Amino acid sequence: MGTALALACYILLVDRRIGGNDVTNVSRTLLSDFRRDRVTSIEITETNQPTIRLKKVNQLWELVAPIHYPAQTAATDRWLYLLEQANWVLRLSPKDIASQGASLPEFGLQPPQKTVTLVQGDKQSVLRIGNRLAVGKQLYVQADEQPDVLVTDELLLDALPAGVTAWRDPALLTYSDLILNNIAISNINRLEVRPSTNGYILQTDPVRITRPISARADVTRVSLLLGQILPSWKVEQFVTDDPAADLSQYGLQPPVKELLMGNGTNDIMGVQFGQSPTNRPDLIYARLLLHTNIVLTAKTNLDVLNWPVSIWRDHLLAHIDPHRVQAIVGSAGTTNSTYRVQQQTNGDWQVVEPEILPADRELVTNFFTGMNDINVDVEREVVTDFASYGLAAPAREFSFLTATNGAFTNIYATLSFGTNSAGKAFAHRSDETAVYSIDKDIFYKQLPLAYWQWRDRSIWNFQTNEVKRVRITDNDKTQEIERTPEGQWRIAPGSSGVLDLSFDEAVYQLGHLAADRWVWVGKKDLGGPTFGFATNEVHCVAIEVTQQGVTRTNVVEFGGTSAELRPYATVQFDDDRTWFFEFPPTLYYQYVKHWFHSLENR
């Protein structure tokens, strides 16, 4: 179309916008009664180009001519949206065109550059696309059977994929194939990498490795593979759609690697990888089995399939949902050491065997967290003799139960832990043949040994204003501090020394004393030497408290320290046993040890 005519149209357009001809009451929609969500097929014809046809299947767009292939649904829907929203800004009647001495060929509309035919139910809409305006970033079109030439935004043409290749779904493994063929993605329960000499099979329900070994797979990593890595593989270039193409020239006879996805033994979709073109070592030939076409894709996609099977293995010992567990059965090597910790109806936990004790809620929570955080390495894949790993009579063993119809049953594999030397620790699941090695600190520091270690670590609770007297004893030296009726602290008659200003804070913290960790329970003369309690020495703090009219004396005695300098202490409850525990280090070193030191120096 000549520049003069284009300029005349542009001036006419501007003139009408400013107010030359009143068209404000005229509908400016390109296609009347057009609804993008009703469109079920699209046909695009273009001079000297094959006709492109698309149809909508299961809410996705599919190319049906000149080839059969999943189409770019997002791009198609976007173009239909633009068409639905498109308005004309100038309408040229045949009389307007004639007055300019022009004709339809000059607008690129006889024949049209492209003709788009859209089917909405029993209605058919036609859009004929002509030339772009020389100025103004606009476009000439005709709609349906109307003879008028309309001017609209050229974005409508820019967003229309150019050529059949541009319409094709660029995903290498397109899940659109499944939906278009009424196959649910959930039907895919097997992912296989061939050849089997360095390949593997992943099962997705439940997530497991089934070849070359039978093992638990990492759910997060397999989900990442299926949900993000594979869908991100893109076709860089469509090479040929000839089903009789010579596969050997692409390195596909036989393929270097195959990825197959299916249900059971039935293959549903897959891709074969060949060699790289000599001029593009970053790309690799691939063949899509559902379509037999050959494409080029990034070589890094093949690299994923060359990852060792161990990368998909689950390196966590267990995945336990604490909300499903209502009882924990533990043991420590012999049958008479078995115990049970059970959740009560109020949500609290309680040791119920071999005796009734309140369990520590935080310890239970930390136990489950710790179980789910144990990383393992495979020590040996198939083990029949567990004695060499200290697992024939495990040093620690835990089962996880839930109540079903009034009876408790296991819902997870029993976890066993052992060691055959001081430097290594091992774990085993009752549902596997493998033995795993674990961090020795987990074995020695994290796993409860006996039922008493589950006991509530809260030792006592009282308020500062309930304290009547504090007696500090260091062997043969004693200091007493009493609380006056006015709430002041003072050295009691018969005692001497200087009262530290921080004494009130120390008593407050002692009033909410909790063990860091229970380390033993039994007769004091049996456990005392192990934890630094000499028979001829006394280091203790006694606190006289009156609560609800009852006066009692709470006593905590101190012994040695652990290798980590954590102080050992003892308390007694309502029986003749002594409970040994790790005393909170900050409270001890900031206050208690200072008290003992002051007495020693007198």
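Bear in mind that the values in this text are calculations on the coordinates, not laboratory data. As the structure is a computational prediction, the values presented were derived from the model and not from experiment. Cβ coordinates were reconstructed from backbone atoms using ideal geometry, including for glycine residues, and neighbour counts include every protein chain displayed.
For the range 84-148, the set of trypsin sites (Lys or Arg not before Pro) satisfying both a DSSP loop assignment and a count of at most 15 other C-beta atoms within 10 Å is given as 137.
Projected onto their three principal axes, the Cα atoms of the range 176-312 cover extents of 41, 33, 24 Å, largest first. Evaluate the relative contact order of the range 327-454 (contact order divided by residue number), counting alpha-carbon pairs under 8 angstrom at least 6 apart; express in whole percent. In percent, rounded to a whole number, it is 27. This ranking places 573, 367 by how few other beta-carbon atoms lie within 10 Å of each, fewest first, which gives 573, 367.
Among the GluC sites (Glu not before Pro) in the range 559-601, those placed in a DSSP loop whose Cβ has at most 13 other Cβ atoms within 10 Å are 564.
Here the peptides 236-246, 53-63 are ranked by packing, the mean other Cβ count within 10 Å, and the order with the highest first is 53-63, 236-246. What percent does the relative contact order of the chain come to when contacts are Cα pairs within less than 8 Å and at least six residues apart? Relative contact order, the chain: 7 percent.
Taking the structure as given and computing volume of the Cα convex hull per residue in Å³, which label from (1) 151; (2) 327; (3) 247 fits? It is the one labelled (2). Whole-percent P(r), the range 464-600, all Cα pairs, 5 Å bins from 0: 2, 9, 19, 23, 21, 14, 8, 3, 0. When only the Cβ of Lys, Arg, Asp and Glu is charged (+1, +1, -1, -1), the dipole of the chain relative to its Cα centre reaches about 860 debye.
Nearest 0.05, what FRET efficiency do residue 492 and residue 372 give at R0 = 56 Å with Cβ-Cβ as r?
The formula returns an efficiency of 0.60 here.
For every other residue with a beta carbon closer than 15 angstrom to the beta carbon of residue 41, add +1 if it is Lys or Arg and -1 if Asp or Glu, then tell me the sum. Charge balance in the 15 Å sphere: +2. Net charge in the neighbourhood of residue 561 (other residues with Cβ under 15 Å of its Cβ; Lys, Arg +1, Asp, Glu -1) is -2. So what's the net charge close to residue 432: Lys and Arg +1, Asp and Glu -1, counting the other residues with Cβ under 10 Å from its Cβ? Cβ neighbours under 10 Å give a net charge of 0.
Once the Cα-Cα distance is subtracted from the 0.36 nm per residue extended length, the residue 380 to residue 475 segment shows a gain of 28.7 nm. Normalised by the number of residues in the range 176-312, the mean separation of alpha-carbon contacts (under 8 Å, six or more apart) gives a relative contact order of 22 percent. Taking 26 Å as the limit for the C-alpha separation, the pairs 445/477; 55/114; 95/137; 524/593; 55/257; 477/524 exceed it in the case of 445/477; 55/257.
Loop-located GluC sites (Glu not before Pro) in the range 333-403 (DSSP state other than H, G, I, E, B) with a sparse environment of at most 13 neighbouring Cβ atoms within 10 Å: 355, 381.
Between residue 353 and residue 87, 0.36 nm times their residue separation minus their Cα-Cα distance comes to what?
Numbers: separation 266, 0.36 × 266 = 95.76 nm, distance 7.95 nm.
Taking 0.36 nm per residue and subtracting the Cα distance, the gain is 87.8 nm.
Applying the Karplus relation 6.51 cos²θ - 1.76 cosθ + 1.60 with θ = phi - 60° to the range 95-112 yields 3J(HN,Hα) values of 5, 4, 5, 5, 5, 8, x, 10, 8, 4, x, 6, 8, x, 10, 8, x, x Hz, where x marks Gly and Pro. If a spin label sat at a point 7 angstrom from the Cα of residue 124 along the line to its beta carbon, the backbone N atoms of the range 131-152 nearer than 16 Å would be those of 143-146.
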